[in-house]
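Undergrad: Below you'll find the structure I mean.
The values are calculated or read from the model by the stated rules, or taken from the named source; none is laboratory data. Note that this is a predicted model, so its numbers are computed, not measured. Quick reminder, even Gly has a Cβ in these numbers, built from the backbone with ideal geometry, and neighbours come from all protein chains shown.
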Amino acid sequence: MQITNVVCPTNKYSIKCPFEMNPEYITIHNTANDASAMAEISYMIGNNNKCSFHVAVDNERVVTAIPFNRNAWHAGDGRGTGNMKSIGIEICYSRSGGERFEQAERLCAEYTAYLLKQYGWGIDRVKKHQDWSGKYCPHRTLDMGWERFLNMVNSYLGGTTPINNNVNNDGSDVEMKTYQNGSTTEVVYADTNCTNRIGSLNPREACDCFGIFNDRAMVRYKVDGSNNYKIGFCKWLRWS
């Protein structure tokens, strides 16, 4: 299980996670998009909307952003238990479904079981968005069967399929550095395979670098003409 920790800038705390939190539950969501976990996290922490979540999971990795000791605005219940006492997890690729979504859902079940073990919780601590606000979410997971998903989590808790305890916390201990781009434009991608272009660094543009993943540099850069940020990967960028 590959876990990538992306740091939410502290200057975003007042918008994204203004309150301290001692979590008591895990809340499952579906994104209703077809974007990767890194793209979902990048968009979430890059905008100034009062909407946030702690984790996004796709078919390849788990990406965390909001610290678990801070609340997030994901459950639609104001300052109720969902927003103030639960870890919000978004499962990616739920708009179209199919194999990518099913793989993401399985990885989310494994990660959920991992968190339950970390906190010493039982399966009763796993909630759906619908439990807090009535919204039909996680929509595709509900369509496919909520009990089916809970059974999947249970299987990782000690059933026929043991949880993978070899957790790779990529980026968790990497010091963030500042990089200044060279004299040419550098393309930024949503994935380390560099197949989905999401933007670019202008010549001489500065950006934050979080580390090297699959031989690609993870960067956070400002979107032109705004105070919003994106996170992605560059082919040729290296530490300054």
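Undergrad: Just checking, does region 117-124 include any residue being assigned by TED's automatic domain parsing to the domain that holds Pro18 and in contact with a Phe, Trp or Tyr (Cβ under 8 Å, 6 or more places away or on another chain)?
TA: no
Yes or no, residue by residue, for (1) farther than 26 Å from Tyr229 by Cβ; (2) out of contact with any strand residue (DSSP E or B) (no Cβ under 9 Å at 6 or more places or on another chain); (3) not in a loop (DSSP other than H, G, I, E, B):
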site: Tyr43; (1), (2), (3): no, no, yes
site: Ala72; (1), (2), (3): no, no, no
site: Gly88; (1), (2), (3): no, no, yes
site: Gly97; (1), (2), (3): yes, yes, no
site: Leu116; (1), (2), (3): yes, no, yes
site: Trp121; (1), (2), (3): yes, no, no
site: Lys127; (1), (2), (3): yes, no, yes
site: Trp132; (1), (2), (3): yes, no, yes
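Undergrad: For Ala109, all conditions in the list (1) within 22 Å of Phe19 (Cα to Cα); (2) not in a loop (DSSP other than H, G, I, E, B) hold save one; what is the number of the exception?
TA: Status for Ala109: all satisfied but (1).
Undergrad: Filter region 2-31 down to the residues that are in a loop (DSSP other than H, G, I, E, B) and within 14 Å of the chain's Cα centre (by Cα), then identify the one that is nearest to Thr141 (Cα to Cα).
TA: Checking each candidate, the answer is Thr31.
Undergrad: Of the residues in region 47-66, how many are within 19 Å of Asn11 (Cβ to Cβ) and among the small types (Gly, Ala, Ser)?
TA: Selection size over region 47-66: 2.
Undergrad: From the residues in region 175-197 that are surrounded by 20 or more Cβ atoms within 10 Å (Cβ to Cβ) and of a type in the set (A, V, I, L, M, F, W, C), which one is farthest from the chain's Cα centre (by Cα)?
TA: Val188
Undergrad: Taking region 45-70 on its own, how many of its residues are at pLDDT 90 or above, of a type in the set (A, V, I, L, M, F, W, C) and not in a strand (DSSP E or B)?
TA: 5
Undergrad: Between a residue in region 187-208 that is farther than 19 Å from Ser36 by Cβ and any residue that is of a type in the set (Asp, Glu) and buried (at least 20 other Cβ atoms within 10 Å of the Cβ), which pairs come within a Cβ distance under 7 Å, given they are 6 or more apart or on different chains?
TA: Sorted first by the residue in region 187-208, then by its partner, the pairs are Leu201/Glu186.
Undergrad: Residues that are outside the structural domain of Thr192 (by TED's automatic domain parsing), more than 13 Å from Thr27 (Cα to Cα), under 18 Å from the mean Cα position of the chain (by Cα) and free of Cβ contacts under 8 Å to residues at least 40 places away in the same chain: does region 91-98 have at least one?
TA: No - not one qualifying residue is present in region 91-98.
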